1. Quick check: pseudo-label points 7 Å beyond the Cα along Cα→Cβ at LEU77 and MET1, how many nm apart are they?
2. With +1 on the Cβ of every Lys and Arg and -1 on the Cβ of every Asp and Glu, and nothing else charged, how large is the dipole of the chain about its Cα centre, in debye rounded to the nearest 20?
3. What is the percent carbon and sulfur in the accessible area of the chain, measuring with a 1.4 Å probe over the protein chains and ignoring ligands?
4. Please give the charge dipole size of segment 37-92, origin at the Cα centre, charges +1 on K and R Cβ atoms and -1 on D and E Cβ atoms. Round to the nearest 20 debye.
5. Can you compute the modelled spin-label distance between ASP66 and ASP26, with each label point 7 Å from Cα toward Cβ, in nm?
6. Under 8 Å for C-alpha pairs, at least 6 residues apart: give me the relative contact order for the chain, rounded to a whole percent.
7. I need the P(r) histogram for segment 16-98: all alpha carbon pairs, bin width 10 Å from 0 out to the longest distance, whole percents.
8. With the other protein chains left in place, how much accessible area per residue, in square angstrom, belongs to the chain at a 1.4 angstrom probe?
Amino acid sequence: MRSSVIDRKLRYLEELFIDLKEINYDISLTGDPSLLLEYEEEKIVVFDEIEDHAQDALFLLEAYIDDCKTENLPIVLEYYRVFKELDIARRYKLLSME
């Protein structure tokens, strides 16, 4: 059973990762120090957004999986895969700029 709330959250998270990839690409192309500083500041803002939304998505996915287990319903494989990836990232602090 799919969830429109989870789908929207994951699409937004995907867009944030695409934005981060584009910022990193722009950083690799620029030689202007002031532009580089601007990109780095933007990167921090986007990364903070990713961190917040990844935590929200992880919470939603964990609740979804627990609910499916309780109700004996099938789990959407895509959701489970994203949950595992986000859980690994959380454990290894990959979703942190520190």
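1. The answer from the label model is 2.1 nm.
2. The calculation lands at about 640 debye.
3. The computed percentage sits at 54.
4. 500 debye
5. 3.9 nm
6. Relative contact order for the chain comes out at 34 percent.
7. 16, 37, 25, 15, 6, 1
8. 70 Å²
The values are calculated or read from the model by the stated rules, or taken from the named source; none is laboratory data. The structure presented is a predicted model; accordingly, all values stated were derived computationally and were not measured. Backbone-built Cβ (ideal geometry, glycine too); neighbour counts: all protein chains shown. Ligands, DNA and RNA are stripped out before the accessible areas are found, and what is left, the full protein with its side chains, is counted by its heavy atoms. Shrake-Rupley method; radii C 1.70, N 1.55, O 1.52, S 1.80 Å.
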